[in-house]
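See below for the structure under consideration.
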Amino acid sequence: MKIIAADVIVSSPDRNFVTLKITTDEGLTGLGDGTLNGRELSVASYLADHVVPLLIGRDPHRIEDTWQFLYRSAYWRRGPVTMAAIAAVDVALWDIKAKAAGMPLYQLLGGASRTGIMAYGHASGRDLPELFDSIRRHLDLGYRSIRVQTSVPGINAVYGVAAQPGVDGKRYDYEPAQRTPLPAEEDWDSRAYLRHLPEVFEAVRNEFGPELPLLHDGHHRMTPIQAARLGKALEPYDLFWLEDCTPAENQEALRLVRQHTTTPLAIGEVFNTVWDYQTLIREQLIDYVRSAVTHTGGITAMRKLLDFAAQYQIKSGIHGPTDISPVGMAAALHLDLAIHNFGIQEYMQHGALTNEVFRQSFTFTDGYLHPGEQPGLGVELDEQVAARFPYVPAYLPFNRLKDGTVHDW
Ligand SMILES: [Mg+2]
């Protein structure tokens, strides 16, 4: 079998997505997700200008060889743009291989290790009544694990908090990327946040009881000592995890956090290779790996990363907000089902227009996802519908402190 075409499709149904479609001389096609929120066109260019010409004529079955060729032959390694481009190729090739085998992809990864994939959803509120309402709505949707994000008195706009409560069936998920010509400016105050958050978790535990798994995302905003203090303060509320408590480019910072708290730690959605985790995994400084298949070089690289983590009893918590396309989500679900050290899967539901562009075959039942039994990934791209939604510039926000200093967002 030979690759005869590879097309980069940029579409913006509810948001921007970069999809690679690889076509073989036997008529099989494969899809890969290369979406990098706020920097989509850089991946589209990397693929179209520098990768697609190298793919034509290659044997699509040689997935490992193609991965190594793209990673090493560029000479300039790693980085989110490069690794998202490699991921798009890798996932498309796995899609083709599984279709050629007539099997759902998870079968080629060793078969199912479980019957369903526990998913968590994103609840949020500007105050406790709104937050409780949001948690109840997620429970009604079937979620059995909930991420809790809340406004903080004195801060105008906080990451993870939906702008309005859901009314009249309108979506009210938190969607940070905005279709504006400039990134939105938000504000931040770590001390106010540290004072407020434990009170919120106490109230949530009092309202919903001890059983419900609760998660929280710190979104890289704390110093190590602040993160240590927060982890300790949240211990009575038995979090499933505290995510991205520090920026963690400095992996050693997590040593300090770990020394002070038994709250489980998850990190890595902005990482893109196993090298970002070397110290974190070897020294068992984290409990969950948060990388996205889409940003970490695809299934080939994620499998190796998660196998490395498994040796240290560290589990998966694959990144899955709506800026991962349905193709990237499907890749995550097949991997989730197959690996032994699965932890939890993030699952924000895509909008109606996105689901028109990408026809999916996964199911979500009683809190558990399943990728389905169609050969390959189980996702089809409707290119005619995709063409109706051209790229729209959109940016993630950024933060300033009260004195004007730019802070981690
Ligand atoms: Mg996160």
Under 15 Å from the Cβ of LEU401, count the other residues' Cβ atoms, weight Lys and Arg +1, Asp and Glu -1, and hand me the total.
-2
Points 7 angstrom from Cα along the Cβ direction at ASP187 and ILE225: gap in nanometres?
2.6 nm
In nanometres, what is the gap between the two model label sites at HIS50 and GLN178, each 7 Å from Cα along Cα-to-Cβ?
3.2 nm
Degrees separating the helix 190-208 axis from the principal Cα axis of the chain, which is the longest one
90 degrees
Please give the charge dipole size of the range 3-104, origin at the Cα centre, charges +1 on K and R Cβ atoms and -1 on D and E Cβ atoms. Round to the nearest 20 debye.
280 debye
The rounded separation in angstrom of the Cα centers of the range 183-255 and the range 54-126 is 31 Å
Cα convex hull of the range 276-327: mean projected area in nm², to one decimal?
3.5 nm²
Please name which of PRO326, VAL152, PRO104 has its Cα lying farthest along the dipole of the chain towards the positive end, using unit charges on Cβ (Lys, Arg +1; Asp, Glu -1) and the Cα centre as origin.
PRO104
Once you sort the root eigenvalues of the Cα gyration tensor of the range 3-104 as a ≥ b ≥ c, which label holds: rounded (a/c under 1.5), prolate (a/b larger than b/c) or oblate (the other case)?
oblate
Does anyone have the angle between helix 63-73 and the longest principal axis of the chain? Alpha-carbon axes, 0 to 90°, nearest 10?
80 degrees
If the only charges are +1 at each Lys and Arg Cβ and -1 at each Asp and Glu Cβ, what is the size of the charge dipole of the chain around the Cα centre, to the nearest 20 debye?
640 debye
Taking Rh as the Kirkwood radius computed over alpha-carbon pairs of the range 305-344 and applying Stokes-Einstein at 37 °C with viscosity 0.692 mPa s, one gets a diffusion coefficient in µm² s⁻¹ of 311 µm²/s
Rounded to the nearest 5, what is the percent of antiparallel bridges among the DSSP beta bridges in the chain?
50 percent
Model label zone, ALA5; criterion: amide N under 14 Å from point 7 Å along Cα-to-beta-carbon; scope the range 44-70
56-57
Across the chain, how many lysine pairs separated by 8 or more positions, or lying on different chains, have Cα atoms within less than 27 Å?
13
Can you tell me the orientation of helix 298-310 relative to the chain, as the angle in degrees between its alpha-carbon axis and the longest Cα principal axis, to the nearest 10?
50 degrees
For the pair ALA101 and GLU235, how long in nm is the line joining their label points, each one 7 Å along Cα→Cβ?
4.5 nm
If only Cα atoms are counted, what is the Rg of the chain, and what is its Dmax, in Å?
20.6, 61
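Bear in mind that the values in this text are calculations on the coordinates, not laboratory data. From a predicted model like this one, the values you see are computed outputs, not experimental measurements. Virtual Cβ from ideal backbone geometry, glycine too; neighbours counted across all protein chains shown.
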